[in-house]
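A.B. asks: Pasting a structure below so you can have a look.
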Amino acid sequence: MQHYSQDNNSLNPEQKRAIETIEGPLLIIAGAGSGKTRVITHRMAAMLRRSIPQSAILALTFTNKAAREMQVRVAQLVGNSTRMLTVSTFHAFGVQVLKRYIRELGYRENFSIYDQSDQAQLLKETVRELGMEDLRDLRSILTLFSRIKTGQTKWDAETAEFRRLYDEYQQHLKLYNAVDFDDLIVLPTRLMSEVARVREELEQRYRYVLVDEFQDTSRAQYRMLRLLTQNNRNVCVVGDDDQSIYSWRGAEYENILQFERDFPELLEIKLERNYRSTGTILDAANRVIANNTNRKAKALWTGQGESLPIELCYPEDEQQEAEMIARRIKSLAATEGLRYDDIGVLIRTNSLARTLEEAFLAENIPYRISGGQSFFQRQEIKDLIAYLRLCANLNDEIALLRIINVPRRGIGKRTLEQITARAEHSGQTLYSTISELVHAADSPLSTRAVDDLRAFFDLIERYRAQLLAGGKKPAQALEAMIAEIDYWSYLVMEYQHNDKIAKWKYRNLDLFVQMVRDYQNDPDNLDVGLYDYLNRITLNARDDQDDSEEDGRLNLMTIHAAKGVEHEVVFLAGVEDGVIPHQRAIADNPANLEEERRLFYVALTRAKRRLIISSCRKRKLMREVVETAPSPFLEEIPAELLTVVEAEDVVPAESAADFFRMMKERVR
DNA sequence: ATCGAGCAGCTTTTT
DNA sequence: GCTGCTCGAT
């Protein structure tokens with residue numbers, strides 16, 4: 001398709017070397033578009049050909065999507081099933097380890113995984129319990145907790161006031177038999193360093209470890225990796241410091257330097273030949289990223305000669321920008337025979353998506369959006385999952401609190417307060433307190449409250465038995481439960497003004513049941529149960545769509561989500577000062593400017609052939625329209641690589657009226 | 001116990 | 001311009 005993409009059978013000498021070096025530590029610095037994925041998958045295939053058993057190989061990726069793709073590609077290369085090969089994210093791997101060994105830490109195997117909204121819920125509850133009125137910024141507190149837990153931050157005078165809250169938060173997690181995302185990394189690490197048997201078993205099994213997107217590993221992840229590999233020393237990491245864009249989540253590309261120190265005998269290979277982009281695009285990207293200090297020297301080059309200039313245009317506002325992009329996409333599809341899925345529209349923040357989506361809808365362009373709210377984050381789905389989670393782990397208080405009165409069953413604030421007080425007093429979990437109250441002869445609650453509670457208790461007990469009993473089909477049980485709790489009536493009640501929403505939500509429940517059914521019918525999942533499914537859902541929060549069914553669609557995504565992706569044509573929208581670099585990102589720390597530049601670099605290098613950048617003169621941000629200036633990064637692209645296009649030239653007219661006037665003139 | 005009005009805070013990125 | 005939360009009224 002692309003005349004300059006790499007031939008399927010040929011590998012350049014560096015790639016070959018990377019693939020054939022199987023033993024010992026290996027550091028691959030892989031520039032954008034240098035065939036990184038290709039090298040990793042071929043390397044794994046080479047390992048298998050040398051009779052290294054699948055089960056001895058562990059490949060760690062950054063997203064679930066990347067993991068799936070890698071697994072498929074290796075399977076294609078070896079022409080065989082790769083079921084015993086472990087390809088997963090750090091977090092999913094952590095779950096596996098915890099499932100096997102978490103007892104050593106005093107948890108049980110049916111632990112729940114708390115995502116950020118569960119965490120926020122738990123934090124709120126903890127704040128309330130400690131009687132701290134000052135709710136302040138929950139999110140920044142959670143960020144602090146995360147940094148404490150992963151060892152990025154230590155308690156100091158400034159943060160001391162939250163220490164008690166943190167301890168309490170931790171205690172609650174344990175009591176609920178729940179772990180948060182950071183625990184998925186931190187607890188396995190602790191297990192490996194504190195329990196000799198765990199580490200021995202793991203390193204005996206995983207004798208060969210690969211890590212993709214190494215520049216985005218956190219310190220905690222690196223610690224885990226080092227423990228796992230420092231005896232075997234067969235560890236291959238692949239990364240590019242110029243593409244490190246997750247420092248806000250704890251990524252430290254300095255891990256590359258640490259790796260060199262910890263594995264001094266390593267072999268370092270640089271992949272600098274770019275097979276993806278035209279010379280123009282690559283040149284622009286190189287020039288931009290050269291403005292960053294503190295990077296590993298690297299010179300990407302391509303065999304490609306001259307090519308299309310990068311287009312730059314300045315629409316009046318986001319409306320005009322969106323229309324321009326939509327029409328341009330249509331004309332590209334018509335004149336150049338491009339498929340919509342050859343095109344990517346990249347944005348810095350999710351909030352920019354809406355206007356673009358409207359324009360695509362208006363122009364009938366099928367699109368898919370990655371990022372944004374996931375299916376599993378929707379209220380109705382979270383409700384259902386909470387039921388399942390409670391059945392799986394009766395201690396999961398966050399799940400219990402979510403659904404104890406959803407749909408309404410008469411267990412209101414007062415009743416709940418009484419139960420909570422009692423539970424706190426006796427140091428027991430809410431659920432066992434409920435069990436006690438339901439069975440007790442004398443109860444401080446009214447008869448009616450007890451009856452309502454008993455109905456709830458019985459419901460959970462019954463479905464718990466059904467859902468967990470081997471052989472029984474969870475999907476059927478789930479379906480029966482939805483009917484029994486009459487979630488439909490609940491939706492009708494809640495959305496009486498808008499039965500469309502109610503219907504839509506109910507349909508989502510159906511979809512969810514279908515997903516559970518598909519999962520339980522998949523022969524690959526025969527040996528796994530409800531817990532595994534729930535865990536998988538939590539970890540798969542974002543990329544949950546069936547990509548296979550989405551062929552032929554335009555890709556609209558954040559730059560973060562675009563990592564590892566490439567497109568023939570890339571539109572880069574909203575390239576304004578304050579959007580990229582994002583104002584918030586540089587406000588608290590000017591050093592973040594370099595990360596914003598890397599982000600811009602990643603965006604540029606997604607394009608193979610054509611790059612179209614737009615920067616609006618005005619933009620509606622929050623509630624008001626503000627004048628915007630072009631991103632300073634644009635000045636870092638040499639002018640001769642750019643051609644400025646008038647938005648009006650691309651878009652026939654600003655309004656329908658103008659459009660018709662023009663048409664008339666033409667006819668005349 | 002439930003509902004609705006009014007208000008606050010928010011939109012940086014995600015496993 | 002939206003969501004989620006609190007509080008007061010029923």
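The values are calculated or read from the model by the stated rules, or taken from the named source; none is laboratory data. Please read all numbers here as calculations on a predicted model, not as lab measurements. Backbone-built Cβ (ideal geometry, glycine too); neighbour counts: all protein chains shown. All accessible areas refer to the heavy atoms of the entire protein, side chains included, with ligands and DNA or RNA removed. Shrake-Rupley method; radii C 1.70, N 1.55, O 1.52, S 1.80 Å.
A.B. asks: In vacuum, with every alpha carbon of chain A counted as one equal point scatterer, what does the Debye formula give for log10 I(q)/I(0) at q = 0.07, 0.11 Å⁻¹? Two decimals, please.
C.D. replies: The calculated log intensity ratios at q = 0.07, 0.11 Å⁻¹ are -0.54, -1.27.
A.B. asks: Put +1 on the Cβ of each Lys and Arg and -1 on the Cβ of each Asp and Glu in chain A; which of A:LEU401, A:PRO632, A:ILE57 then has its Cα farthest toward the positive end of the dipole?
C.D. replies: Result: A:ILE57, furthest along the dipole toward the positive end.
A.B. asks: I would also like to ask the following. Under 5 Å between amide hydrogens, which residues at least 5 positions from A:ALA178 or on another chain qualify, with H placed 1.01 Å from N in the peptide plane?
C.D. replies: Long-range HN contacts for A:ALA178: A:SER112.
A.B. asks: So what's the angle, to the nearest 10 degrees on a 0 to 90 scale, between helix A:90-101 and the longest Cα principal axis of chain A?
C.D. replies: It works out to around 30 degrees.
A.B. asks: Along its principal axes, what span do the Cα atoms of the stretch A:189-304 show, with the longest given first and each in whole Å?
C.D. replies: 55, 29, 22
A.B. asks: Any chance you could give the angle, 0 to 90 degrees and rounded to 10, that helix A:530-539 forms with the longest Cα principal axis of chain A?
C.D. replies: 40 degrees
A.B. asks: Under a Cβ-only charge scheme (Lys and Arg +1, Asp and Glu -1), can you give me the dipole magnitude of chain A about the Cα centre, in debye to the nearest 20?
C.D. replies: Details: 90 positive and 102 negative charges, 258 e Å.
Here chain A has a charge dipole of around 1240 debye.
A.B. asks: While we're on this one: Would you calculate a helix-derived [θ] at 222 nm for chain A, using -39,500 (n - 2.57) for each DSSP H run of n ≥ 4 and dividing by the full residue count, to the nearest 500? Provide the component values of the computation, followed by the final result.
C.D. replies: Working: 27 runs with 323 residues, N = 668.
After summing the helix terms and dividing by residue count, I get -15000 deg cm²/dmol.
A.B. asks: May I ask you to give the percent of accessible area on the stretch A:1-122 that is carbon plus sulfur, with a probe radius of 1.4 Å? Present the calculation step by step, with values, prior to reporting the outcome.
C.D. replies: Working: 2450 of 5190 Å².
Taking all protein chains in place, the stretch A:1-122 shows 47 percent carbon and sulfur surface.
A.B. asks: While we're on this one: Can you give the accessible area of A:PHE375 in Å² (nearest 10), computed on protein heavy atoms with a 1.4 Å probe?
C.D. replies: Solvent-accessible area, nearest 10 Å²: 20 Å².
A.B. asks: Considering amide H positions built from the backbone, and no H for Pro or chain starts, which residues 5 or more places from A:TYR367, or on another chain, come under 5 Å of its amide H?
C.D. replies: Excluding prolines and chain starts, which carry no amide H, the hits are A:LEU554.
A.B. asks: Per residue of the stretch A:271-278, in order, report the coupling 6.51 cos²θ - 1.76 cosθ + 1.60 (Karplus, θ = phi - 60°) as ³J(HN,Hα) in whole Hz, putting x for Gly and Pro.
C.D. replies: 9, 10, 8, 8, 10, 9, 9, 6
A.B. asks: Put A:HIS439, A:HIS91, A:HIS172 in order of accessible area, largest first, 1.4 Å probe: what do you get? Each step should come with its number before you reach the end.
C.D. replies: Values: A:HIS439 125, A:HIS91 45, A:HIS172 15 Å².
My answer, sorted largest first, is A:HIS439, A:HIS91, A:HIS172.
A.B. asks: Under the rule of at least 5 residues apart or a separate chain, name every residue whose amide H is placed under 5 Å from the amide H of A:SER34.
C.D. replies: A:TYR275
A.B. asks: For the stretch A:424-435, take each phi angle, set θ = phi - 60°, evaluate the Karplus expression 6.51 cos²θ - 1.76 cosθ + 1.60, and give the result in whole Hz per residue in order, putting x for glycine and proline.
C.D. replies: Listing the rounded values in order: 4, 4, 8, x, 9, 6, 4, 5, 6, 5, 4, 4 Hz.
A.B. asks: Please name whichever of A:TYR107, A:ASN231, A:PHE145 sits farthest to the positive end of the charge dipole of the stretch A:93-235, dipole taken about the Cα centre and charges placed at Cβ: Lys and Arg +1, Asp and Glu -1.
C.D. replies: A:ASN231
A.B. asks: A follow-up question, please. For the stretch A:171-218, what's the radius of gyration and Dmax over Cα atoms, in angstrom?
C.D. replies: Values for the stretch A:171-218 (Cα only, Rg and Dmax): 13.6, 37 Å.
A.B. asks: Then there's this: I need the phi-derived Karplus couplings for the stretch A:601-614: 6.51 cos²θ - 1.76 cosθ + 1.60, θ = phi - 60°, integer Hz, Gly and Pro marked x.
C.D. replies: These are the phi-based 3J(HN,Hα) values: 4, 4, 4, 4, 7, 6, 8, 8, 10, 9, 10, 10, 10, 10 Hz.
A.B. asks: Express the accessible area of chain A per residue in Å², computed with a 1.4 Å probe while the remaining protein chains stay in the model. Don't skip to the end; give the middle numbers.
C.D. replies: Values: 31180 Å² over 668 residues.
Per residue, chain A has 47 Å² of solvent-accessible surface.
A.B. asks: When the dipole is taken about the Cα centre of the stretch A:58-200, and only Lys, Arg (+1) and Asp, Glu (-1) are charged at their Cβ, what size is it in debye, to the nearest 20? Don't jump to the answer; show the numbers that get you there.
C.D. replies: On the way: 21 positive and 20 negative charges, 157 e Å.
Computed charge dipole of the stretch A:58-200: roughly 760 debye.
A.B. asks: State whether the stretch A:341-451 is rounded, prolate or oblate according to the following rule on the C-alpha gyration tensor (a ≥ b ≥ c being the square roots of its eigenvalues): a/c under 1.5 gives rounded; otherwise a/b larger than b/c gives prolate, and the remaining case gives oblate.
C.D. replies: prolate
A.B. asks: Sticking with this one: Just for chain A, what percent of DSSP beta bridges are antiparallel, to the closest 5?
C.D. replies: Numbers: 6 of 55 bridges.
Counting DSSP beta bridges with both partners in chain A, the antiparallel share is about 10 percent.
A.B. asks: Let me ask you something else. Set the Förster distance to 35 Å, then compute FRET efficiency between A:GLU484 and A:LEU175 from the Cβ-Cβ distance, nearest 0.05.
C.D. replies: Numbers: r = 29 Å, r/R0 = 0.84.
Efficiency, from the Cβ-Cβ distance: 0.75.
A.B. asks: Next question, about the same structure. Compute the acute angle (0 to 90°) between the alpha-carbon long axis of helix A:353-362 and the principal axis of greatest extent of the alpha-carbon atoms of chain A; round to the nearest 10°.
C.D. replies: The two axes meet at around 70 degrees.
A.B. asks: How large a share of the accessible area of the stretch A:344-458, in percent, is made up of carbon and sulfur atoms when the probe is 1.4 Å and the other protein chains stay in place?
C.D. replies: 48 percent
A.B. asks: Please report the accessible area of A:TYR208 (heavy atoms, 1.4 Å probe, ligands and nucleic acids excluded) in Å², nearest 10.
C.D. replies: 20 Å²
A.B. asks: Please work out the Cα center distance from the stretch A:570-609 to the stretch A:117-191, rounded to the nearest Å.
C.D. replies: Using only Cα atoms to place each centre, the spacing works out to 31 Å.
A.B. asks: Using a 1.4 Å probe and ignoring any ligands, DNA or RNA, find the accessible area of A:GLU268 and quote it in Å² to the nearest 10.
C.D. replies: Surface open to solvent at A:GLU268 totals about 70 Å².
A.B. asks: Next question, about the same structure. Residue separation times 0.36 nm, minus the C-alpha to C-alpha distance between A:ALA362 and A:ARG408: what's the value?
C.D. replies: On the way: separation 46, 0.36 × 46 = 16.56 nm, distance 4.00 nm.
Working it through step by step, the gained length comes to 12.6 nm.
A.B. asks: Need one word for the stretch A:221-276: rounded, prolate or oblate. Basis is the Cα gyration tensor (sqrt eigenvalues a ≥ b ≥ c); a/c below 1.5 gives rounded, then a/b vs b/c decides. Intermediate values should be presented prior to the final figure.
C.D. replies: On the way: a/c = 2.27, a/b = 1.21, b/c = 1.87.
Oblate, since a/c reaches 1.5 and b/c is not below a/b.
A.B. asks: Then there is this: Quick check on my link table: of A:LYS65/A:LYS298; A:LYS65/A:LYS124; A:LYS65/A:LYS382; A:LYS99/A:LYS124, which ones sit more than 25 Å apart, alpha carbon to alpha carbon?
C.D. replies: Details: A:LYS65/A:LYS298 28 Å; A:LYS65/A:LYS124 32 Å; A:LYS65/A:LYS382 22 Å; A:LYS99/A:LYS124 28 Å.
Beyond 25 Å between Cα atoms: A:LYS65/A:LYS298; A:LYS65/A:LYS124; A:LYS99/A:LYS124.
A.B. asks: While we're on this one: Taking the Cα centre as origin and putting +1 on Lys and Arg beta-carbons and -1 on Asp and Glu beta-carbons, what dipole magnitude results for the stretch A:1-107, to the nearest 20 debye? Please list the in-between numbers first.
C.D. replies: Numbers: 14 positive and 6 negative charges, 58 e Å.
Approximately 280 debye in magnitude.
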